[in-house]
Each structure stands twice: as C-alpha cells, then as structure tokens.
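The values are calculated or read from the model by the stated rules, or taken from the named source; none is laboratory data. These numbers were taken from a predicted model, which means no experiment stands behind them. Virtual Cβ from ideal backbone geometry, glycine too; neighbours counted across all protein chains shown. We work out accessible area using only protein heavy atoms, side chains counted, and drop any ligands, DNA or RNA first. Shrake-Rupley method; radii C 1.70, N 1.55, O 1.52, S 1.80 Å.
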Amino acid sequence: SYALNLGDTMREMGIAPASVRLRYGLFGAEPWTDELRQQIEQAIPGLKAYDVYGLSEIVGPGVSVECLERNGLHIQEDHFLPEIVDPDSGQPLPFGAAGELVLSNLTKEALCLVRYRTGDICSLADEPCPCGRSSVRMSKIKGRSDDMLIIRGVNVFPSEVEAALLAIPEAAPHYQLIVTRKGALDEVEVQVEALSGAGELPARLARQLRDVLGLACQVTVQPPKTIPRSEGKAIRVIDRRG
C-alpha cells in the first residue's frame, strides 16, 4: 500500500514516476491482491511488482519470493519446511487446500522454531513451475486467520473486499472497512476513494461486493486523500463492535 503513496507523492512533487526508472519492486509486509499489483504498476510506470514473504520470527523477508512467472512464491526449501494445516484443528491439509501456513526452520541456529503457526492463510503447490524450478510454491497470502471477519455468518477477508473493489476501474486502491453492530446484527460500511466523480459508483460497488461476498455492505465514496495512508502496514479494518 505504501508504494501507491510513493507514486502519489512523486506526482504531487512534480516528479514523473516513470522518470525514476524503477524496473523491479519486491513488496511484502501485508497481504495484497493481483488487483493491487496492477494499481502499483500503473502508479509507477515501468515497474514490475513481485511478492516476497517472510516473518521476523523465522528469518525476516526471504522465506519465499515470486519468480518472473509470478505463478506463486518459491519457498526456500533448503532452509524452511512448509505445511498447511486447518486453522481450527491444526490437522495437516493436502497440497492445493487453503489453510494456515506452518513453518519449521531447518538451518537457523540459536532460535530454531518447529511447526511454527504463522497465522497466514494460503495454499501450497508442488508441481514444477514454468520457470523450471521444482521447489514448493505458496500462493499469495489471502489474509490472516485472526483478520477474518464473521459478518452475519459470512466469513470475509479484507483481501476479498480489495479484489472486489479494484475490479471497478473508477475505484481508487484506498479503502477501509468499518464494522459496527446495530442490535443483534453486524453492519459493514466500506469507505473507498474514487478516481473520478462518484455518480453511480456507490451502487455499483455495493452490487459488486454483494455478488462476490454474498453480503450486503454500505458503500461510502470519500473525497481523495481522506482515507488515512500508513507508513507501515495499511489499517484496513476498524471494528467498532465493542
């Protein structure tokens, strides 16, 4: 999300983002969708955005990274043993199934972690990549097990909302979810900035979210630069249910 902020700031300073001639960018620290990848590459023309995954408990950045094919993140299997488990039961799941990523250090000294539950939701693939590598690949992180919202019995990850919003070209890649409770029912307000005039955008976005999530959401289109930008991980959800 901060890459988008950099692109906006360069334009405000009169610097054409394409003039910095960035060719590759490695982006991690927060879950992000392929739709956001497209927004980053539009914000900084000439840049190709790649996903990198890591966590400080295991090693920091570098547990896995995308190759040029961008067909999943290659896990450095000589250093890390990956597994996918059911987030509730902890039972192992097969390749292709989405669940919680579990990692074991194979070479780290002094603080070796065995079957460390990361809290990150993804899936693993073991078939060879078109790039020629045969190491296990992980999908992009869908979200965190503790980030999942349960709204009126529907499981919702912020990344699913992001993908739905950015499928509408007029929507800017800046949004927040405000979750409240009225009586016994949970309510979700999706605040999003528009790239152009609002017009019928709120109704279009509400229909898109209902079709993708199976959930009715109130959509509020905000003026540009009103949704807070973060210098670290973007704050996507504000839960006011108590």
Just checking, how many residues over the range 189-228 are surrounded by 12 or more Cβ atoms within 10 Å (Cβ to Cβ) and either within 14 Å of GLU170 (Cβ to Cβ) or within 19 Å of the chain's Cα centre (by Cα) (or both)? 21
Residue that is open to solvent by 70 Å² or more (accessible area, probe 1.4 Å) and either of a type in the set (D, E, K, R) or farther than 18 Å from ASP146 by Cα (or both), where the choices are PRO92, PRO82: PRO92
For VAL161, indicate whether it is surrounded by fewer than 17 Cβ atoms within 10 Å (Cβ to Cβ), β-branched (Val, Ile, Thr) and either closer than 30 Å to ALA216 by Cα or within 14 Å of the chain's Cα centre (by Cα) (or both). no
Output the residue which, of all residues in the range 40-83 that are of a type in the set (S, T, N, Q) and modelled with pLDDT of 90 or more, is farthest from ILE168 (Cα to Cα). GLN76
Just a yes or no: is a residue in the range 108-120 on the phi > 0 side of the Ramachandran plot, modelled with pLDDT of 90 or more and open to solvent by less than 60 Å² (accessible area, probe 1.4 Å)? yes
For the range 10-28, what are the residues that are over 18 Å from CYS67 (Cα atoms) and either open to solvent by less than 50 Å² (accessible area, probe 1.4 Å) or among the small types (Gly, Ala, Ser) (or both)? MET10, GLY14, ALA16, PRO17, ALA18, SER19
